[in-house]
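Notes for the one structure printed next.
Readers should treat all values here as calculations from the given coordinates under stated rules, not as data from a laboratory. Owing to the predicted nature of the structure, the values given are computational and were not obtained by experimental measurement. All Cβ positions, even for glycine, are placed from backbone atoms using ideal geometry, and neighbour counts span all protein chains on display.
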Amino acid sequence: MSQFLVAIDGPAGSGKSSVSKQVARVLGFGYLDTGAAYRALAWAVQHLEGFDLDGLVNKDLHADFAYTISLNPDDYWVRVGGHDLTSAIRTPAVAESVSAVARIPQVREFMKSLTRDLVAKSELPGVIVEGRDITTVVAPDAEIKILLTAAEEVRLKRRSAELSEASAASVKRQVSERDASDSKVVDFMTPAPGVQLVDSSDLNFEQTVNAVVSLIEQFGSTKESK
């Protein structure tokens, strides 16, 4: 990964996607939503012939999962083969099945390789990569590593706004189950050594974006002074 890389971790509803996308706009960087790939694979399991949950363990996803995603924060899209999934992967039905897909070690290994390939093939000066276990597993060598968190009640409110079709009870269950499931494979609430913590519980969107941009700019200033 030769580009300037910013890795942003965090639990569901912490604001990773919206904040990362805006930070990319401010800095003129690319934006990569790694969670979209998991959601797209969950969609494929539900809708495409040849994809089933149990079979993912032995499936050659590099050959069979025709996944592409835009790194342009102002022209964002997600596709699998000829299917535009930009909106489809945000439905409650897909959200409820993502954890089952993400728990499979072979899938997580594939996603790590996929993320690195997408960043390496970009011609952008930098990329904001967001998702879970990004700072510790996928891009531990990123120039800036940030853990973006928020109190559970704040995250539930944000996720409810994203999944407008779902009831409040359903959203709470999805977030709680996703947190419990993902915590078995990655600690997404405690920053690892070298990872900066940004708690957005008491920050609005603009303030959170400014906090992340400030961390990146501080790193750049420190690097130039050496």
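Structure summary
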| quantity | calculated |
| --- | --- |
| Matching entry among Ala40, Ala93 (being in contact with a strand residue (DSSP E or B) (Cβ under 8 Å, 6 or more places away or on another chain) and farther than 15 Å from Arg132 by Cα) | Ala40 |
| Matching residues, the range 55-69, being within 17 Å of the chain's Cα centre (by Cα) and either assigned to a helix (DSSP H, G or I) or surrounded by fewer than 17 Cβ atoms within 10 Å (Cβ to Cβ) (or both) | Thr68 |
| Long-range neighbours under 9 Å by Cβ, at least six apart or interchain, first residue under 14 Å from Lys16 (Cα atoms) within the range 133-159, second buried (at least 22 other Cβ atoms within 10 Å of the Cβ) and of a type in the set (Phe, Trp, Tyr) | Asp133/Phe188; Leu147/Phe188; Thr149/Phe188 |
| Candidates Ala37, Ala42, Ala12, filtered to the one that is part of a helix (DSSP H, G or I), in contact with a helix residue (DSSP H, G or I) (Cβ under 8 Å, 6 or more places away or on another chain) and more than 19 Å from Val119 (Cα to Cα) | Ala42 |
| Selected residue (only one of Arg116, Arg79, Arg108, Arg103 is out of contact with any Cys (no Cβ under 7 Å at 6 or more places or on another chain) and closer than 29 Å to Ala211 by Cα) | Arg116 |
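Condition check ((1) touching a residue at least 24 places away in the same chain (Cβ under 8 Å); (2) β-branched (Val, Ile, Thr); (3) touching a strand residue (DSSP E or B) at 6+ places or on another chain (Cβ under 6 Å)) across all residues:
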| residue | (1), (2), (3) |
| --- | --- |
| Ser17 | yes, no, yes |
| Arg25 | yes, no, no |
| Asp52 | no, no, no |
| Val57 | yes, yes, no |
| Ile69 | yes, yes, yes |
